[in-house]
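The values are calculated or read from the model by the stated rules, or taken from the named source; none is laboratory data. Because the structure is predicted, anything quoted here is derived from the model rather than measured. With ideal geometry, Cβ positions are generated from the backbone for all residues, glycine too; neighbour counts draw on all protein chains shown. Heads up: the accessible areas ignore ligands, DNA and RNA and are worked out on the full protein's heavy atoms, side chains in. Shrake-Rupley method; radii C 1.70, N 1.55, O 1.52, S 1.80 Å.
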Amino acid sequence: MRAVLMAGGSGTRLRPLTCDLPKPMVPILNRPIAEHIINLLKRHGITEIIVTLHYLPDIFREYFQDGSDLDVRITYAVEEDFPLGTAGCIKNVEEWLDETFLVISGDSITDFDLTAAIKFHYQKQSKATLVLTRVPNPIEFGSVIVDSHQKIVRFLEKPSASEIFSDTINTGIYILEPDVLKHLSRNHESDFSKDLFPLLLEQEEPLYGYIAEGYWCDIGHLDTYREAHYAALHGKVKLDFSYQLISPGLWIGKNTLIDDRAKIFPPVLIGDNCRIGARATIESGTVIGDNVTIGVEADLKRPIIWNGVIIGDESHLYACTIARGVRIDRRARIFEGVAIGSLSTVGEESQVNSLVRVWPSKHIESGAILNLDLIWGQTAHRNLFGQRGVSGLANIDITPEFAVKLGAAYGSTLPPGTQVSVSRDQRSISRMVTRSFISGLMSVGINVQNLEATPIPVARSVVPTLGVVGGVHVRIDPDRPDRCAIEFFDEKGINLSKSREKKIEGSYFKEDLRRVQIDEIGDVFYPSQTLEIYRNCFEKHLNLEAIRYSNAKIVVDYAYSVSGAILPQLLNKFGCEAMVLNASLTQAVITDEGRESLLVQLGRVVEAISATFGAQITANGEQLVLVDEAGGLIRGESLTALMVEAVLAAHPRSAVVVPVRASGAIEQIARRHDGQVIRTKCNPTALMETCRTHGNVVLGGSGDMGFIFPDLHPGFDAMFCIAKLIELLAIQERSLADLRVESLPRIYHKCLTVRCPWTVKGSLMRYVVEQHAPGTLELIDGVKVHDRACESWILLLPDASEPLVHLIADSPSRDWVDRSLRDYRQLIQEFIARDRGIEEMAEFESQVTV
């Protein structure tokens, strides 16, 4: 007798284990499900096997080949175009089935007596015999009723709860006569339970059910997958073990070394070439694949671990499934029901909570707490907040369901009944996320002042007038056009402090979310005159006479992400001529290359119409790039220096606030005007806080982040910056080109970025500090090393959100900059190589001359 093994299933309910593996190849006791089925067939004298394949067929064929290693002969039939169903795939191999044959599914584990079932089939002279079994809950299977002669009288595939009429179910094992296939069409999708068997019943063909004794388990989802292992270890199902039985309930493979101090509580299976560390605890029900390393004091409570997994010291695994090649770093905790896909990494001291699924090749950062499935994004971060609030890939990391939970977490940190303002840019992704976020706020009893599509400078400026305890702004991330950012600020419009951010993170990760009664659910209000409030504040802090006197002609490029028409209206009101470019909104992402081409266009227009200058506004009204009257671009460090020169020339003996990485040209300009330079950490919150707390500050920020005018409001504001620059140029009777060419010192400023693992950053910074005299160091953010003899410095700045270290060198000498970057890059690479054995380093380089 031949058997047909149906092995085409993709196993969607076993995701993520079957993302890169067909379901019949998923291992049970370190061997594929299909291998256990073939062994069962062989035990009952069936050695000619036809295998039907569809999903990832090459993996099956490469493993089993022609079947000779298992003493069987395998023939393959591949459904190339589309799956044909359980019966359709058998119809397509009809020419190989000229006598009674057995059909068996490739996704179940059983030890049924197939010989007895075949004998029953012949005795009843049946056309089709279904192998049946009895289960407590038949909802997920086809229910069957047989009469006293075991002839099938009723059949229903996967009934609902109200339709259940029997606890006897179809196991997917059939014994068939070849002529039943005449009822099926070739290359047509059809199913035994839905099509063929009901037809045979209708035509009163002899259709019998053999009720089998023994174990049967459909590997339909992750719970039953683990349960099949536990059943095999406890002897509830007869399966072949590939390893030697060392003692009752303990199977250990070849070349496996177990430390004498490890504790093992049978039944346990451990594969070949494994290493079990000292004081590791392996409890009953654990299955460990081949080539697995278990660290010192690791605690394993019934996990299913596939081949090639590395488990770090003091890690804890509870009734989870870990696919091949996964690395779990020290002190990680993985809870019950978790499934981690192949080649993923679980960082040090991270935690994956119950029932979470992690798709293949994902990375969970050190210290992260994962409560939701990680499917689309690449990384689970240990912190929600980065440099600019919460950000992630749009509609992948930042999804509606994520925003609802984040809104509830934020609202749970506030008293019920309080008010929060919510605003956004004009992108559809921001509208979607904002609506979800508002739902989360309302669910915990927070009222919302919905500013809708509003530039973030306007939102910050009106927050103090709304009686709210804080604000939220949703927009495309200024640094990554494929990412969405959710920014939080307090009642004054300043970004939240780290302590407030940590409180929200705690509420989110611990799921400590408040729930209110129906009559306490928050409401949404739509305040009016927000733009009028901003206009009044805008005008109050400008010398309007100077602006009207200037007769300036300004070209404003919105780069297809318009921040509102308020700026051209104001400039026209002040007697200036404003030409607007690319103001129509497009939902398409504007790439860096696209933005550069728009800047070229802006420069040509400015030069062609003899404009005073041009400006490209980005980041929802926070950031800008300038173009002088000759079409020359001014941005980055050049823009920082130019703004400091213009503002301090008008306000001598005042203070400016810049990030620690800003060029040393700032100090030279400040000395020229008896000014003071205050340097801060390289994040927006630090700049805002410092501008607020230090007196006599007239300007803060940088060309990369935007500029703060503390008297106006606490945030960055590109629109006010343009108006202020018109005023200053008119009063000082200078042009941008004059400022750029005549007033700015010549300093070389260069940045280089080097890959650095998270776990090495701290020790690297300590090492650099120890290598230099205290008088040469500045530790505001990262480590800045001064060479005061030549007024030069180099800054080593760990990236806040990526495994990177930025090197920024600044000097009047180009040679000093290049030499310092080369030397410190080599220092970092050698340190990492000693610490982690990493030899190849990826680097990125950019340069700007001020």
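Sort out which residues of region 794-816 are at pLDDT 85 or above and more than 22 Å from residue 746 (Cα to Cα), and write them in order of number.
796, 797, 798, 799, 804, 805, 806 - these are the residues of region 794-816 that are at pLDDT 85 or above and more than 22 Å from residue 746 (Cα to Cα).
List the pairs whose first member sits in region 802-821 and is in contact (Cβ under 8 Å) with a residue 24 or more places away in the chain, whose second member is open to solvent by 30 Å² or more (accessible area, probe 1.4 Å) and of a type in the set (Phe, Trp, Tyr), and whose Cβ atoms are under 6 Å apart, counting only residues at least 6 apart or on separate chains?
803/758; 807/824; 811/748; 814/748; 817/748
Pick from 603, 594: which is under 21 Å from residue 738 (Cβ atoms) and assigned to a helix (DSSP H, G or I)?
That would be 603, the only listed residue that is under 21 Å from residue 738 (Cβ atoms) and assigned to a helix (DSSP H, G or I).
Suppose the filter is open to solvent by 40 Å² or more (accessible area, probe 1.4 Å), modelled with pLDDT under 85 and under 42 Å from the mean Cα position of the chain (by Cα); does residue 193 pass it?
Criteria not met by residue 193.
So which pairs qualify, if the first residue must be in region 210-221 and under 21 Å from residue 148 (Cα atoms), the second must be among the charged types (D, E, K, R) and in a strand (DSSP E or B), the Cβ gap must be under 8 Å, and the two must be at least 6 apart or on different chains?
Within 8 Å, the pairs are 211/134.
Would you call residue 697 over 25 Å from residue 737 (Cα atoms), surrounded by fewer than 23 Cβ atoms within 10 Å (Cβ to Cβ), modelled with pLDDT of 95 or more and not polar (S, T, N, Q)?
So residue 697 passes the test.
Which one of these is at pLDDT below 90, surrounded by fewer than 18 Cβ atoms within 10 Å (Cβ to Cβ) and more than 18 Å from residue 501 (Cα to Cα): 367, 417, 377?
Exactly one of 367, 417, 377 is at pLDDT below 90, surrounded by fewer than 18 Cβ atoms within 10 Å (Cβ to Cβ) and more than 18 Å from residue 501 (Cα to Cα), namely 377.
Keeping to region 100-145, report how many residues are open to solvent by 40 Å² or more (accessible area, probe 1.4 Å) and part of a strand (DSSP E or B).
Total satisfying the criteria: 2.
Is it the case that region 671-680 has a residue that's among the aliphatic types (A, V, I, L, M) and surrounded by fewer than 22 Cβ atoms within 10 Å (Cβ to Cβ)?
So far as region 671-680 goes, yes, one or more of its residues are among the aliphatic types (A, V, I, L, M) and surrounded by fewer than 22 Cβ atoms within 10 Å (Cβ to Cβ).
Which numbered condition trips up residue 452, out of (1) closer than 18 Å to residue 706 by Cβ; (2) open to solvent by 30 Å² or more (accessible area, probe 1.4 Å); (3) assigned to a strand (DSSP E or B)?
Only one criterion is unmet by residue 452, namely (1).
Residue by residue, here is whether (1) surrounded by 21 or more Cβ atoms within 10 Å (Cβ to Cβ); (2) among the aliphatic types (A, V, I, L, M); (3) at negative phi; (4) touching a Phe, Trp or Tyr at 6+ places or on another chain (Cβ under 9 Å) holds:
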site: 542; (1), (2), (3), (4): no, yes, yes, yes
site: 545; (1), (2), (3), (4): no, no, yes, no
site: 556; (1), (2), (3), (4): yes, yes, yes, no
site: 578; (1), (2), (3), (4): no, yes, yes, no
site: 582; (1), (2), (3), (4): no, no, no, yes
site: 605; (1), (2), (3), (4): no, yes, yes, no
site: 608; (1), (2), (3), (4): no, yes, yes, no
site: 625; (1), (2), (3), (4): yes, yes, yes, no
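Looking only at region 455-466, decide whether some residue is assigned to a loop (DSSP other than H, G, I, E, B) and in contact with a helix residue (DSSP H, G or I) (Cβ under 7 Å, 6 or more places away or on another chain).
yes
Which condition from (1) out of contact with any Leu (no Cβ under 9 Å at 6 or more places or on another chain); (2) over 28 Å from residue 500 (Cα atoms); (3) open to solvent by less than 10 Å² (accessible area, probe 1.4 Å) is the one that residue 662 breaks?
Here residue 662 clears every test but (2).
What's the total number of residues in region 455-492 that are farther than 22 Å from residue 693 by Cβ, buried (at least 20 other Cβ atoms within 10 Å of the Cβ) and acidic (Asp, Glu)?
1
If you go through region 712-723 one residue at a time, do you hit one that is surrounded by fewer than 21 Cβ atoms within 10 Å (Cβ to Cβ) and either in a loop (DSSP other than H, G, I, E, B) or among the β-branched types (Val, Ile, Thr) (or both)?
Yes, region 712-723 contains a residue that is surrounded by fewer than 21 Cβ atoms within 10 Å (Cβ to Cβ) and either in a loop (DSSP other than H, G, I, E, B) or among the β-branched types (Val, Ile, Thr) (or both).
Within region 367-379, identify whether any single residue is over 28 Å from residue 619 (Cα atoms) and of a type in the set (S, T, N, Q), and answer yes or no.
Yes, there is a match, as at least one residue in region 367-379 is over 28 Å from residue 619 (Cα atoms) and of a type in the set (S, T, N, Q).
Check region 136-145 and report whether any residue there is more than 19 Å from residue 197 (Cβ to Cβ) and touching a strand residue (DSSP E or B) at 6+ places or on another chain (Cβ under 7 Å).
For region 136-145, residues more than 19 Å from residue 197 (Cβ to Cβ) and touching a strand residue (DSSP E or B) at 6+ places or on another chain (Cβ under 7 Å): absent.
When the residues of region 49-80 are narrowed to those that are of a type in the set (A, V, I, L, M) and open to solvent by 50 Å² or more (accessible area, probe 1.4 Å), which ends up farthest from the chain's Cα centre (by Cα)?
Among those residues, the one meeting the criterion is 59.
With the condition kept exactly as written, say whether any residue in region 216-225 is surrounded by fewer than 18 Cβ atoms within 10 Å (Cβ to Cβ), touching a helix residue (DSSP H, G or I) at 6+ places or on another chain (Cβ under 7 Å) and farther than 22 Å from residue 351 by Cα.
yes
Could you say which residue among 635, 671 is under 30 Å from residue 813 (Cβ atoms), touching a helix residue (DSSP H, G or I) at 6+ places or on another chain (Cβ under 9 Å) and among the charged types (D, E, K, R)?
Only one candidate passes the filter, namely 635.
Please identify the pairs in which a residue from region 497-508 that is of a type outside the set (D, E, K, R) has its Cβ atom under 6 Å from the Cβ atom of a residue that is at pLDDT 90 or above, counting only partners at least 6 apart or on another chain.
Pairs that qualify, where the first residue is of a type outside the set (D, E, K, R) and the partner is at pLDDT 90 or above, are 504/409; 504/410; 504/413; 507/409; 507/412; 507/413; 508/409.
Out of all the residues in region 50-63, which are touching a Phe, Trp or Tyr at 6+ places or on another chain (Cβ under 9 Å) and either β-branched (Val, Ile, Thr) or modelled with pLDDT of 95 or more (or both)?
Of everything in region 50-63, those that are touching a Phe, Trp or Tyr at 6+ places or on another chain (Cβ under 9 Å) and either β-branched (Val, Ile, Thr) or modelled with pLDDT of 95 or more (or both) turn out to be 50, 51, 52.
Looking only at residues that are within 21 Å of residue 384 (Cα to Cα) and open to solvent by 40 Å² or more (accessible area, probe 1.4 Å) in region 754-797, which one is farthest from the chain's Cα centre (by Cα)?
Top of the filtered list is 762.
For region 817-844, which positions are surrounded by 14 or more Cβ atoms within 10 Å (Cβ to Cβ), part of a helix (DSSP H, G or I) and either of a type in the set (Gly, Ala, Ser) or modelled with pLDDT under 85 (or both)?
820, 835
Would you mind finding the one in 475, 483, 431 that is basic (Lys, Arg), at negative phi and in contact with a helix residue (DSSP H, G or I) (Cβ under 9 Å, 6 or more places away or on another chain)?
475
Yes or no, residue by residue, for (1) within 23 Å of residue 215 (Cα to Cα); (2) not aromatic (Phe, Trp, Tyr):
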position: 90; (1), (2): no, yes
position: 107; (1), (2): yes, yes
position: 120; (1), (2): yes, no
position: 144; (1), (2): yes, yes
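Quick test for you: out of 62, 94, 79, pick the one residue that is touching a Leu at 6+ places or on another chain (Cβ under 8 Å), acidic (Asp, Glu) and closer than 26 Å to residue 17 by Cβ.
79
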